[in-house]
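Comments concern the structure below.
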Amino acid sequence: MDHLDKQILSALQNDFPLSERPYEVIAAKVGADVDEVFRRVQLLVGEGAIRRLGASLDSRKLGYSSTLAAVRVQESQIDVASQVISDYPEVTHSYLRDNEFNIWFTLIATDTGAIAGILEAIRLKLGLGPDDVLNLPVQKLFKLDARFKAAD
Amino acid sequence: MKSSLSDLEKRVLAVLQKGFPITLTPYQDMARKIGIETAELLDVLKRWRDDGKLRRIGAVVSHVKVGLGAGAMVVWQVESERVEEVGTMLAGFPQVSHAYERPASDAWPYNLYTMVHGADAAEVDETVAAMSRACGVDKYRQLQTLKELKKAPPTYIKGV
């Protein structure tokens, strides 16, 4: 990744222009030709440096509810549990973590009732007790800034 | 709270949730899919940006590819009267991307959550130790991610 790639990545991350021809705005910003900028974006997508280009929305302000949840399952149950959990389209991310609560996942649904319903369904499908499921909705946001500077 | 989006907004969301096409004219291409003018789509997005529904438009960059290979969720057990102060302090670390207060329970007594990033595990450990010293909280747990099981953008509108 050279200097121009990093400049392009930074420009793409921070504020993709709301304009009919966004790459022309970015090209002007980084001082390069628009065709060169777009060619490099295609390469960065191709090699996986850019996972996705899109809108990051505030699900709560759109009228949806979200939460972070965790379940405590037996080692032997992990594969089945991760399948059951990942099958819900409302589950956006899920991770295996080194803790007694070993599967953690984020959920976005139409309201808190829908979230509670999905968590209860998961609990029953996996035969878990009430204490084996955590529902951890955000009470206060201190920071949300998932932008990263490309390392030099 | 139920979604109070207009029909137009729902149609925009249904296309937006799939991510932008990698084309020179992404808004024009999405607008065509929605069946509206490019200017209309840009108007909706500008309105959403102004009222906070739209946080940001941009690339999601792979942490690994930009040299931030390690990350951990660190959960902190903080006395309720210090949550505000400690949350603000931890959020101030540049290595922290997310900081939230979440409810504690008997089964899980932690109430502050931070995502901490670094080049490698040692760097993350160092940052976490510095965070602990800075806020004077030593009841915390660092949860390593062993495996990513699913990572998908939210599905707001199903069946599209």
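Quick notes on this one:
- The residue that is farthest from the other protein chains (Cβ to nearest Cβ), among those in the range B:21-44 that are in contact with a Pro (Cβ under 8 Å, 6 or more places away or on another chain) and in contact (Cβ under 8 Å) with a residue 12 or more places away in the chain, is B:Met30.
- Subset of the range B:142-151 (residues that are facing another protein chain (nearest Cβ under 7 Å) and surrounded by 13 or more Cβ atoms within 10 Å (Cβ to Cβ)): B:Leu143, B:Gln144, B:Thr145, B:Leu146, B:Leu149, B:Lys150, B:Lys151
- Only one of the numbered conditions (1) surrounded by fewer than 17 Cβ atoms within 10 Å (Cβ to Cβ); (2) not assigned by TED's automatic domain parsing to the domain that holds A:Ala27 is violated by A:Ile115, and that is (1).
- With a requirement of 3 or more residues that are over 18 Å from B:Glu148 (Cβ atoms) and without any contact (Cβ under 8 Å) to a residue 24 or more places away in the chain, the strands (runs of 3 or more DSSP E) lying completely within the range A:39-128 that satisfy it span A:50-57.
- Residue check: B:Ala14 meets all listed conditions (1) closer than 19 Å to A:Arg60 by Cα; (2) assigned by TED's automatic domain parsing to the domain that holds B:Cys135; (3) outside any loop (DSSP other than H, G, I, E, B) but one, namely (2).
- Total residues in the range A:2-32 satisfying the condition of being touching a residue at least 40 places away in the same chain (Cβ under 8 Å) and either under 21 Å from B:Glu40 (Cβ atoms) or within 8 Å of another protein chain (Cβ to nearest Cβ) (or both): the figure is 4.
- Scanning the range A:33-55 for residues that are touching a Leu at 6+ places or on another chain (Cβ under 6 Å) and over 24 Å from B:Gln17 (Cα atoms) gives no hits.
- Hits in the range A:91-100 (condition: surrounded by fewer than 18 Cβ atoms within 10 Å (Cβ to Cβ) and either more than 19 Å from the chain's Cα centre (by Cα) or of a type in the set (Ser, Thr, Tyr) (or both)): A:Asp98, A:Glu100
- Odd one out for B:Leu5, checked against (1) more than 7 Å from chain A (Cβ to nearest Cβ); (2) at pLDDT below 95: (1)
- Set side by side, the residues B:Glu84, B:Glu9 differ, and just one is under 24 Å from A:Ser65 (Cα atoms) and surrounded by 17 or more Cβ atoms within 10 Å (Cβ to Cβ), which is B:Glu9.
- Residue list for the range A:94-136, filter: within 23 Å of B:Tyr156 (Cβ to Cβ), facing chain B (nearest Cβ under 7 Å) and not acidic (Asp, Glu): A:Ser94, A:Tyr95, A:Ile108, A:Thr110, A:Leu136
- Looking only at residues in the range A:46-74 that are within 16 Å of A:Leu4 (Cβ to Cβ) and at the interface with another protein chain (Cβ under 7 Å from one of its Cβ atoms), the one that is nearest to the chain's Cα centre (by Cα) is A:Ile50.
- Inclusion of B:Ala91 among residues that are at the interface with another protein chain (Cβ under 7 Å from one of its Cβ atoms) and in contact with a strand residue (DSSP E or B) (Cβ under 6 Å, 6 or more places away or on another chain) is warranted.
- With respect to the stated conditions, B:Gly118 fails to be of a type in the set (Gly, Ala, Ser) and modelled with pLDDT of 95 or more.
- Going through (1) of a type outside the set (Ser, Thr, Tyr); (2) more than 8 Å from every other protein chain (Cβ to nearest Cβ); (3) in a strand (DSSP E or B) one by one, A:Glu36 falls short only on (3).
- Scanning the range B:102-116 for residues being crowded, with 21+ Cβ neighbours inside 10 Å, of a type outside the set (Phe, Trp, Tyr) and either touching a residue at least 40 places away in the same chain (Cβ under 8 Å) or not in a loop (DSSP other than H, G, I, E, B) (or both) gives a total of 3.
The values are calculated or read from the model by the stated rules, or taken from the named source; none is laboratory data. Quick caveat, the model's predicted, so the values are computed rather than measured. A quick note on method: Cβ atoms are made from the backbone with ideal geometry, for glycine too, and the neighbour counts reach across all protein chains shown.
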